[in-house]
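Enquirer: Okay, here's the structure, questions in a sec.
The values are calculated or read from the model by the stated rules, or taken from the named source; none is laboratory data. Computed from a prediction, not measured in an experiment: that's the story for all the values here. Using ideal geometry, Cβ is built from the backbone for each residue, glycine included, and neighbour counts are taken over all protein chains shown. Just the protein is used for accessible areas: all its heavy atoms, side chains included, with ligands, DNA and RNA removed. Shrake-Rupley method; radii C 1.70, N 1.55, O 1.52, S 1.80 Å.
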Amino acid sequence: MRIAIIAGGRTPERDVSLRGAHRIETALASLGHDTWTVDPAERKLVETLRERPADLCWLALHGKEGEDGTVQRLLDLEQIAYTGTRALECELTFDKVLAKDVLRRANVPTPDWVVIEGSALRDLGAGASLSTAVDRIGLPCVVKPSRSGSALGVAIVERAADLAGAVMAALSYSDAAIVEQRVSGTEIAAAAIGAPLELLPLVEIAPKDGVYDYGARYTAGATDYWAPARLEAATAAAASDASLRALDALGIGSIGRVDLIVDEATQPWVLEGNVSPGMTDTSLVPMAAAAAGLTLSQLCDRIIQASDTA
């Protein structure tokens, strides 16, 4: 099969995308596929795909354009098959405001939240409502951009006086900021592949400095991982059930990941879904696949097979 790996792009996650693409290309080549990488930041995507047609595009872009439905809609227009989730569901999942609404309507447990829109701050005097956000959500809280990935723009706020600065920082990445209740506990990643989606072993995440930020995600040795996660059987089952319900509610297909926290009372809380999980040497999906006995090549093969039937 001729497979074009779409990676790179112009987002802050460009380097992570290209690192993952290199591993994917090597794995696909070992399966006998004709593979190459296309970086939309360097070459016009549609023209490149017309010059060298592909049977399938492997979407390894991260952040805007790669996860928000933009590239998916373009490939739909060009009638080119691709891996992963369809355009509308990508848009819903990538926008954390919409995604959390979807999760709540599906009765998937997710931490309480409020939204601060940049336009409301600018045009409607919403700055006066920041104190209301603190009253509603409490402290400490987590502030994050509505449309961003890899924990970029995320801050933990412990003092009310620091909320405004955290919101403005989040708004530098997106047009809205989420102020979310902070849940303390064990961080868990639930990866899923296939059609229908099948959960891989849960991965437990323990960043050495206590915060699973961009550096902790992509710096070797900065975080400890356990796969399978060190959870009691009943707790693991509850986390798996919440993850599957989240994946179903968001409409994620062929490959995806759900990020959760299991609190001290063993209640799992879904934080968000991811339609284009990383594939680097420190990424969670390959880690979960290895715990299931799958090599990277076998993992990629499963994703291709699922994409063919999506």
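Enquirer: Might you tell me the accessible area per residue for the chain, computed with a 1.4 Å probe and given in Å²?
Expert: Working: 13400 Å² over 310 residues.
That works out to 43 Å² per residue.
Enquirer: Here's something else I'd like to know. Largest first, please: the extent of the C-alpha atoms of segment 223-310 along each principal axis, to the nearest Å.
Expert: Computed over segment 223-310, the largest-to-smallest principal extents equal 40, 29, 21 Å.
Enquirer: Which order, highest average first, do 159-170, 295-306, 86-97 follow once you tally other Cβ atoms within 10 Å for each residue and take the mean per peptide?
Expert: Numbers: 159-170: 16.3, 295-306: 19.0, 86-97: 21.3.
My ranking of the peptides, most packed first, is 86-97, 295-306, 159-170.
Enquirer: Just to be sure I follow: if Rg is taken over the C-alpha atoms of segment 136-218 and Rh is the Kirkwood radius over the same atoms, what is Rg/Rh?
Expert: A ratio of 1.04.
Enquirer: Here's something else I'd like to know. For Ala265 and Leu77, compute 0.36 nm times the residue count separating them, minus their Cα-Cα distance, and round to one decimal in nm.
Expert: Full extension of this stretch gives 62.9 nm more.
Enquirer: Just subtract the alpha-carbon distance of Asp175 and Ala160 from 0.36 nm times their residue separation and send over the number in nm, one decimal.
Expert: Contour length minus the Cα-Cα distance gives 3.2 nm.
Enquirer: Pairwise over distinct Cα atoms, reciprocal of the mean inverse distance: report the Kirkwood radius of the chain in Å, one decimal place.
Expert: That comes to 19.8 Å for the chain.
Enquirer: Applying 1/(1 + (r/R0)^6) with R0 = 30 Å to the Cβ-Cβ distance of Leu139 and Thr219, what FRET efficiency is obtained, to the nearest 0.05?
Expert: On the way: r = 29 Å, r/R0 = 0.96.
Given R0 = 30 Å and the Cβ-Cβ separation, E is 0.55.
Enquirer: Would you calculate a helix-derived [θ] at 222 nm for the chain, using -39,500 (n - 2.57) for each DSSP H run of n ≥ 4 and dividing by the full residue count, to the nearest 500? Don't skip to the answer; put the middle values down first.
Expert: Numbers: 12 runs with 119 residues, N = 310.
It lands at -11000 deg cm²/dmol.
Enquirer: What ranking, highest mean first, results for peptides 24-32, 119-127 when packing means the other Cβ atoms within 10 Å averaged over each residue? Can you show the working numbers first?
Expert: Working: 24-32: 16.9, 119-127: 12.8.
Most protected by this proxy first, the peptides run 24-32, 119-127.
Enquirer: What percent does the relative contact order of segment 161-236 come to when contacts are Cα pairs within less than 8 Å and at least six residues apart?
Expert: Dividing the mean separation by the residue count of segment 161-236 yields 21 percent.
Enquirer: Let me ask something additional. Residues in segment 11-39, backbone N under 16 Å from the label point at Glu47 (7 Å along the Cα-to-beta-carbon vector): list them, ranges by number please.
Expert: 38-39
Enquirer: Run the accessible area of the chain with a 1.4 Å probe and give the carbon-and-sulfur part as a rounded percent.
Expert: 50
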